[in-house]
Structures are given as C-alpha cells and as structure tokens.
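Structure first, commentary second.
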Amino acid sequence: MVDNEGIKGGAMSAKSQPQDEDLTLVTAAAQGDNWAATRLVDKYYNRLYHGLLKILRNPEDAKDATQEAFLQVFRAVHKFQNRSQFYTWLYKIAINCAFTIRRNWKKHHPQAENPLVFQDRDQEDDCPSVNPEENAEVQDEILRVRKGLELLGSDYRQVLILKEMEEMDYQTISELLDIPIGTVRSRLHRARQELRWILEQWDSRSTPKSEENSFGN
C-alpha cells in the first residue's frame, strides 16, 4: 500500500504538472490505493461526463458510459504505460463505451430517430432564452446540424465531433483513434465538406439520401 500522505504531498507540488500528478496517482491506484483512484475519478468525472454527453445527447447514457469507462480503466490500470496522457487513455476507453451504447440503442430501436440527433428536454430547459424566437432558431439550427452529422460515415463523424465539439487537437485525436495525424486532417476536411454539402442541399429543399452521402464505415 502506498502512503497516502506521500501521494498528497507529491500532488500538491505538481499542480503545474498535471501529467506528473496523474502518473503518481495511476501508479498508486495500480498498487491498490483507493484514495488515488478516488482522486482520479474526482479530477476527471465531470469533464468526461460532459464530453460524452455531447456525443450521446442523453444524460443517463452519458452517466452509464462514464461509469463503465472508469470501471474498465481501473480494471486495467496496471497496463497504463504513460505513452499518452492519462485522460487521453481514459477518453479513448470512454469513446468505445459510448459507441457501444449507441449501437445497442440502434439495435433495440431500429425505426426510431438516432439519440444523437436530439437534445435532452432537461438540457433545453436549462438553456437561457433571452428571446423565444431567437432561441427557437438556434435550436432548429443545432438540430439541423446534428441530423447532418448522422448522414456522415462514422469515420468522418467521429473526427468532426472530437475536433469541433470536444475541441481536441490533432495529436489527441490521432492518439484516441489510432490513426496518423495526416489521416485526422484529411478526414476532418472531408467531413466538413460533406456536412456543408448536406446543409446546402437542405437549404435548397433537396434532402440528401443517407445511402448516397455516407462515407467511411
């Protein structure tokens, strides 16, 4: 068992170096230190949850994916080799959990709209509404973009969500998806082109078909 006070002292001295702190905590958690594991959860739970909420658009699903991601991380925490930041490793596992939830949802609701498209009602109620008409226009545009995203192939949709919604840099996306940075750039460029084309078609009242404009997997 690693001494908790030693870990706390190291964490305090490494505030300017979060990656060093994470490595200290991960090492301790791998040796069975519950305080270190709890510290990692406290540090990243909200950030991870809100990131997954942008993808799943459902609070309960985002909560389930977040919890499952942490469970998987701590089962395999001894395998962490510090080749990337801890959060990058955690988020990569969480992304897989999120897409598993999406696949299961689609399997049980084959005729329903995809949950990615719609914002949860509770979230809508939390949005400030200075002008009801302006807010309605904003919500319509958000809905339109989400529907457009669903017409993209999964390869293109993933990079667009990670870059534009999660605001991740190319290096982080490359590590998450296990693809070269050049591939990230090319997929992102193509995804933006395709989404722009889809929205332009809708603007001209010509709805594109998913089969004709779905790229990637």
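Listed values for segment 137-147 are Karplus-derived 3J(HN,Hα) couplings in whole Hz (6.51 cos²θ - 1.76 cosθ + 1.60, θ = phi - 60°), namely 5, 5, 5, 5, 5, 4, 4, 5, 5, 5, 5, and x replaces Gly and Pro. Taking the Cβ-Cβ separation of Gln85 and Gln139 as r and a Förster radius of 25 Å, what is the calculated FRET efficiency to the nearest 0.05? That gives a FRET efficiency of 0.10. Per-residue extension of 0.36 nm, minus the Cα-Cα distance of Arg146 and Arg185, leaves a gain of 11.9 nm for this segment.
Stretching the chain fully between His78 and Met165 yields a gain of 28.2 nm (0.36 nm per residue, less the alpha carbon separation).
In this label model, His50 and Lys63 are separated by 1.8 nm, measuring between points 7 Å along each Cα→Cβ vector.
Take every Cα pair under 8 Å whose residues are at least 6 apart in sequence, average their separation, divide by the length of segment 42-102, and the relative contact order is 43 percent.
We did not get these values from a lab; they are worked out from the coordinates using the rules stated. Bear in mind the structure is a predicted one, so any value in this text is a computation, not a measurement. Every residue, glycine as well, gets a Cβ built from its backbone with ideal geometry; the counts of neighbours run over all protein chains shown.
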